[in-house]
1. Go through segment 17-57 residue by residue and tally those that are among the β-branched types (Val, Ile, Thr) and touching a residue at least 60 places away in the same chain (Cβ under 8 Å).
2. Please specify each residue of segment 23-74 satisfying the condition of being part of a helix (DSSP H, G or I) and basic (Lys, Arg).
3. Out of segment 67-102, which residues are touching a residue at least 40 places away in the same chain (Cβ under 8 Å), out of contact with any helix residue (DSSP H, G or I) (no Cβ under 6 Å at 6 or more places or on another chain) and not acidic (Asp, Glu)?
4. Please pick out the residue among 15, 63, 100 that is at pLDDT 95 or above, closer than 27 Å to residue 111 by Cα and either crowded, with 16+ Cβ neighbours inside 10 Å or over 12 Å from the mean Cα position of the chain (by Cα) (or both).
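The values are calculated or read from the model by the stated rules, or taken from the named source; none is laboratory data. All of these numbers come straight from a predicted model, not from anything done at the bench. No Cβ is skipped: glycine too gets one built from the backbone with ideal geometry, and neighbour counts run over all protein chains shown.
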Amino acid sequence: MERIYQKIGRLKEYLNIIKSIKGDCLKKFSYDMIYRGALLHYLYLISDTSISLAEMVIKYKELRFPQSYAEAIDILGENNILEPEFASDFSRIAGFRNFLAHDYEQIDPDSICRGILDGLNDVEKFIQQIEESLGIKQKND
């Protein structure tokens, strides 16, 4: 369980970093290569860590082993660790992770700065549902 606590802590840390740098994203993303690299790196870490956390919870709860990253999120929904409808939507984070890992030369600044950054609330909801399901007391961040 300690590793799950640590993973949640890291995920919250990455979210806080993104929140602290997301202002004026469209302008900075287009012209500042260091900003763009940092933003994409932390978005990758958020997506990868979310999937890793899902896999840890699956192992901790002794659930069936996922065959893909997306399935790891789906399994949490099937077992009511996440709300099933939310899990179905949130499993798209696996595709986003793969996109960042393999295709980020072709990233549209608008989709990152408006779409993705606005969707960070889903990561917070993911953390909250896992914490509630595992009986983890939330600390003030």
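1. Summing the residues that are among the β-branched types (Val, Ile, Thr) and touching a residue at least 60 places away in the same chain (Cβ under 8 Å) in segment 17-57 gives 3.
2. 27, 28, 36, 59
3. 80, 86, 101 - these are the residues of segment 67-102 that are touching a residue at least 40 places away in the same chain (Cβ under 8 Å), out of contact with any helix residue (DSSP H, G or I) (no Cβ under 6 Å at 6 or more places or on another chain) and not acidic (Asp, Glu).
4. It is 15.
Okay, residues lined up against (1) within 26 Å of residue 133 (Cα to Cα); (2) surrounded by fewer than 19 Cβ atoms within 10 Å (Cβ to Cβ); (3) out of contact with any Gly (no Cβ under 8 Å at 6 or more places or on another chain):
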residue	(1), (2), (3)
22	no, yes, yes
25	no, no, yes
30	no, yes, yes
34	no, yes, yes
37	no, yes, yes
43	yes, no, yes
54	yes, no, yes
